[in-house]
Amino acid sequence: MKSDDSQQSGFAGFGPAAVVIAGLLLASATAASHGGTPAVTRLAPTPPMGWASWNRYFCAYDEQTIRDQADALVTTGMRDLGYQYLIIQECIAPGRDEAGNLVVDAKRFPQGMKPLADYIHSRGLKAGIYTDVGPYTCFSTPRYQGSYNHENQDTATFASWGIDLIEVDFCNKPDGHTGKELYSRIAAGIRQTHRPMILYICSWGKENPWEWARGVGQMWRTDQDISYEKNHVKWDDIVRNFESNARHAALSGPDSWNDPDMLEVGNDGITPVEARSHFSMWAISAAPLLAGTDLAHMDTETRAIFTNPEVIAIDQDSLGAGPRRIRSDQEGIEVWEKPLGTKNSGTKAILLLNLSSRQAIASVRWSDLRLKPNPHVRDLWSRKDLGEFGDRYSTELPSHGSVLLKVSGKPKEGGL
């Protein structure tokens with residue numbers, strides 16, 4: 001959850017390793033479609049959606065906070081739009097008993113963890129929990145227990161609580177061990193429980209999890225934390241994580257989700273325009289959509305962002321494709337595309353994004369998308385059909401603004 005090391009941001013092309021891995025993923029999918037056995041059970045056929053506690057609360061929460069957020073997922077309609085997982089992050093178990101079993105914070109969780117998970121389930125939701133590959137988690141004062149050398153014991157405990165997703169952080173990693181080894185221990189522990197639990201690998205992109213994590217976990221962080229401040233984020237850090245995450249778009253697919261970190265929509269530090277662009281970036285990235293704000297006290301605009309079904313559908317598209325940047329100019333305008341449905345259907349999501357500090361015109365040419373002229377264009381935020389446009393589409397965007405389009409047209413000869 002918390003890494004003190006930053007990584008280089010920006011977008012780069014795919015190297016030979018990515019091409020090889022993408023080929024392996026395609027071969028696996030092909031084998032499955034012809035009756036072969038997939039590498040892992042499909043726990044996450046589309047990017048997981050839900051709510052996570054850290055960005056808004058850090059450790060300033062208790063079990064009533066979690067119950068309130070579970071209730072809000074239901075009353076806001078978010079649950080019915082696919083927001084299933086409610087992840088309790090950090091500051092959970094300060095100690096262990098004589099048998100080495102986790103002992104949860106009695107002040108924070110006076111009724112214990114299983115009754116809380118039961119409540120989450122009673123609301124038609126799934127429960128997520130947090131631990132670490134090291135002996136302790138990232139929070140330092142006081143210390144909370146990680147799962148190093150207790151992997152089987154802790155995963156069994158989580159299963160007994162009724163947990164459905166385990167987020168595993170990367171702080172205090174013991175010397176002489178790799179992330180792949182330590183996360184594989186957690187994965188083995190999960191298998192021994194015979195309970196289906198998603199493994200969320202939160203190694204901040206360290207040790208290139210996209211190269212080895214498929215078959216170990218179902219989702220993995222690709223960069224550092226989006227923010228190190230409670231209830232506050234900076235626009236530049238949102239863009240950094242989006243573009244860094246997009247480097248690995250070729251590896252995106254069912255049970256293989258690149259995660260640019262939890263959403264900051266509704267938190268301080270960004271404008272409503274930036275918040276909508278933030279959500280659009282995550283949607284076109286096929287990123288897990290984990291709300292990180294107080295859902296019980298959202299304003300109307302924040303709720304509208306989280307509950308737009310057409311934008312959510314872009315993120316949840318069954319193809320699971322990641323984004324491709326097709327243009328970036330000196331004026332700060334970027335154009336991103338994501339194929340929808342089947343790869344050769346000619347239907348795409350298009351994100352026009354203004355990264356500059358001033359209003360600007362953004363355009364996309366259909367030839368850049370390998371589409372014939374006059375495709376049909378729909379604005380997904382306004383939920384309006386815009387009609388057909390000859391050879392391009394142009395619009396004026398405010399600073400840090402964006403437009404997310406669904407474009408339906410015929411591919412040019414030669415395919416997509």
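Here are the numbers:
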| item | result |
| --- | --- |
| The listed residue being out of contact with any Pro (no Cβ under 9 Å at 6 or more places or on another chain), farther than 21 Å from A159 by Cβ, in contact (Cβ under 8 Å) with a residue 24 or more places away in the chain and not charged (D, E, K, R), out of G134, G77 | G77 |
| Segment 255-282: number of residues that are of a type in the set (D, E, K, R) and within 8 Å of the chain's Cα centre (by Cα) | 2 |
| Segment 145-174, residues that are touching a Ser or Thr at 6+ places or on another chain (Cβ under 7 Å), farther than 24 Å from Y119 by Cα and not polar (S, T, N, Q) | G146, D169, F170, C171 |
| L371 being in contact with a strand residue (DSSP E or B) (Cβ under 7 Å, 6 or more places away or on another chain) and farther than 28 Å from E274 by Cβ | yes |
| Residue list for segment 370-394, restricted to those being outside any strand (DSSP E or B), polar (S, T, N, Q) and under 30 Å from T307 (Cβ atoms) | S382 |
| Matching option when the condition is at pLDDT below 95 and outside the structural domain of V239 (by TED's automatic domain parsing), among E337, E396, E388, E331 | E331 |
| Enumeration of residues in segment 209-223 that are buried (at least 17 other Cβ atoms within 10 Å of the Cβ) and outside any strand (DSSP E or B) | P209, W210, W212, A213, V216, Q218, T222, D223 |
| Answer residue from segment 39-68, given it is under 22 Å from F139 (Cβ atoms) and of a type in the set (V, I, T) and is surrounded by the most Cβ atoms within 10 Å (Cβ to Cβ) among those | I66 |
| Matching option when the condition is more than 25 Å from the chain's Cα centre (by Cα) and part of a loop (DSSP other than H, G, I, E, B), among S357, S318 | S357 |
| Unique match (being assigned by TED's automatic domain parsing to the domain that holds R96 and in contact (Cβ under 8 Å) with a residue 60 or more places away in the chain) among F139, F158 | F139 |
| Helices (runs of 4 or more DSSP H) fully within segment 230-311 counting 1 or more residues that are modelled with pLDDT under 95 | none |
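For every residue, the table says whether it meets (1) over 22 Å from A321 (Cα atoms); (2) modelled with pLDDT under 95; (3) outside the structural domain of D268 (by TED's automatic domain parsing).
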| site | (1), (2), (3) |
| --- | --- |
| L24 | no, yes, yes |
| T30 | no, yes, yes |
| P45 | no, no, no |
| W51 | yes, no, no |
| R56 | yes, no, no |
| D62 | yes, no, no |
| T65 | yes, no, no |
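Residues checked against (1) closer than 29 Å to R79 by Cα; (2) loosely packed, with under 15 Cβ neighbours inside 10 Å:
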residue	(1), (2)
I305	yes, no
I314	yes, no
S318	yes, yes
T342	yes, yes
T347	yes, no
L353	yes, no
Q359	no, yes
R365	no, no
D385	yes, yes
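The values are calculated or read from the model by the stated rules, or taken from the named source; none is laboratory data. Everything numeric here is computed off the predicted structure, so don't read it as measured data. Please note: Cβ atoms are built from the backbone with ideal geometry, for glycine as well, and neighbour counts cover all protein chains shown.
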